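Down below is the structure, laid out as structure tokens.
The values are calculated or read from the model by the stated rules, or taken from the named source; none is laboratory data. What you see is a predicted model, and the numbers here were worked out from it, not measured in a lab. As a convention, Cβ positions derive from the backbone with ideal geometry for all residues, glycine included, and neighbour counts pool all protein chains shown.
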């Protein structure tokens, strides 16, 4: 069409001017002739605008396109082109949305899409099974009105990407279903609520914990008897000398087994109980660290290690004293046991910049390879298996530390660099810090 549309409009304006001149020549009323021609031209423009408005209000369908030429034809062509682009864009977005919904619907987790007011925009079919949410009935409902659990309200308010576990009653045998919930901020004011059934996993974990606790408890008595007989045999002067090495090795291994069983029972107790106000006291951590410092110093042979302390004498916390003693002694003893001679070990107890209580055990030892750090708090995990057994380690010390720190709402961080040493850092929250 190009400039042809504008050329037609120029000819129309020229025709209006010509007709006004012709009318003026015939009637000698130049102004009246000009006004009359302009009124006719404006009326025609309004008529074309009305046609365009009616066409647009009916969806700008090609079948209803009004007859036009000139600039009006160009306008309708542009509208049709824009309409087609918009339709293609809508089709692409609809297809993309459908694929996204199909993907989310196919996830093995219940997924609920929430808006900024925590109202349900969309949910997959598993949401009804796990959370009793029916998207047909519950769309637009606030999720905290449907799931009346305080922990859910808290994570929705915090809008933090963290996971909690809650119990939902079921009709089958009156048992509770364990559901792990996680809120994931998506962008803007949208968020995803993800739910997955952890009942079976928790059941297996309970079975494992019960087995370990029961097995450890049952093994403790016969092992104590065996250790007692070995001790009697060691004290027997008539015991054959050629069997003495085997006897001493057996006695050492029985002592090691006793330590493992005691640590397993400690872990079992930590996993199956909660820290509450009745078990929480004001703990004089500086005094505990002083005792640990003195005890470990006496065990260092030939000045193989150097202990340095930097302790805030006024910093105390709320917690379980026996457990905090275990944390302190485990970390300091591990630092001595797993580093080479000549290592300097620093014990720090202080407030950090966030007014949190920090216990930091640093050493200048050989360091720990990066691939091992994430596994150090696992049960029986050892970086150097041979050396750990030689030094009498059970492989459970850091697992115990991890559980105790979690019970005290703290954080346990491990960092290390080969050739430069390691740092074990326990951070207790501000709520645990005791203030006079």
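Where in region 367-434 are the helices (runs of 4 or more DSSP H), entirely inside, with at least 2 residues that are at pLDDT below 90 and more than 18 Å from residue 321 (Cα to Cα)?
On the way: elements: 370-373, 385-390, 397-407.
Of the helices (runs of 4 or more DSSP H) lying wholly inside region 367-434, those with at least 2 residues that are at pLDDT below 90 and more than 18 Å from residue 321 (Cα to Cα) span 370-373, 385-390.
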Inset, instruction - Just need a number here: residues in region 268-302 that are farther than 24 Å from residue 431 by Cα, touching a helix residue (DSSP H, G or I) at 6+ places or on another chain (Cβ under 6 Å) and at pLDDT below 90. - result: 2
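Would you kindly identify the helices (runs of 4 or more DSSP H) lying entirely within region 64-155 that contain at least 1 residues that are assigned by TED's automatic domain parsing to the domain that holds residue 53 and farther than 15 Å from residue 194 by Cα?
Details: elements: 71-106, 126-131, 135-138, 143-146.
Answer list for region 64-155: 71-106.
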Legend entry - Per-region count, region 320-334, residues over 27 Å from residue 306 (Cα atoms) and at pLDDT 90 or above: 0
Inset, instruction - Return only the number of the condition from (1) surrounded by 13 or more Cβ atoms within 10 Å (Cβ to Cβ); (2) at pLDDT below 85; (3) on the phi < 0 side of the Ramachandran plot that residue 84 does not satisfy. - result: (1)
Legend entry - Failed condition for residue 239, given (1) under 47 Å from the mean Cα position of the chain (by Cα); (2) not in a helix (DSSP H, G or I): (1)
Legend entry - Candidate set: region 181-197, residues that are touching a helix residue (DSSP H, G or I) at 6+ places or on another chain (Cβ under 9 Å) and within 14 Å of residue 109 (Cβ to Cβ); chosen: the one surrounded by the most Cβ atoms within 10 Å (Cβ to Cβ): 193
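For region 151-166, enumerate the residues that are modelled with pLDDT under 75 and surrounded by 12 or more Cβ atoms within 10 Å (Cβ to Cβ).
So in region 151-166, the residues modelled with pLDDT under 75 come out as 158-163.
Selection gives 159, 160, 161, 163.
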Inset, instruction - Could you run through region 317-357 and say how many residues are in a strand (DSSP E or B), closer than 14 Å to residue 284 by Cα and either without any contact (Cβ under 8 Å) to a residue 12 or more places away in the chain or out of contact with any helix residue (DSSP H, G or I) (no Cβ under 9 Å at 6 or more places or on another chain) (or both)? - result: 1
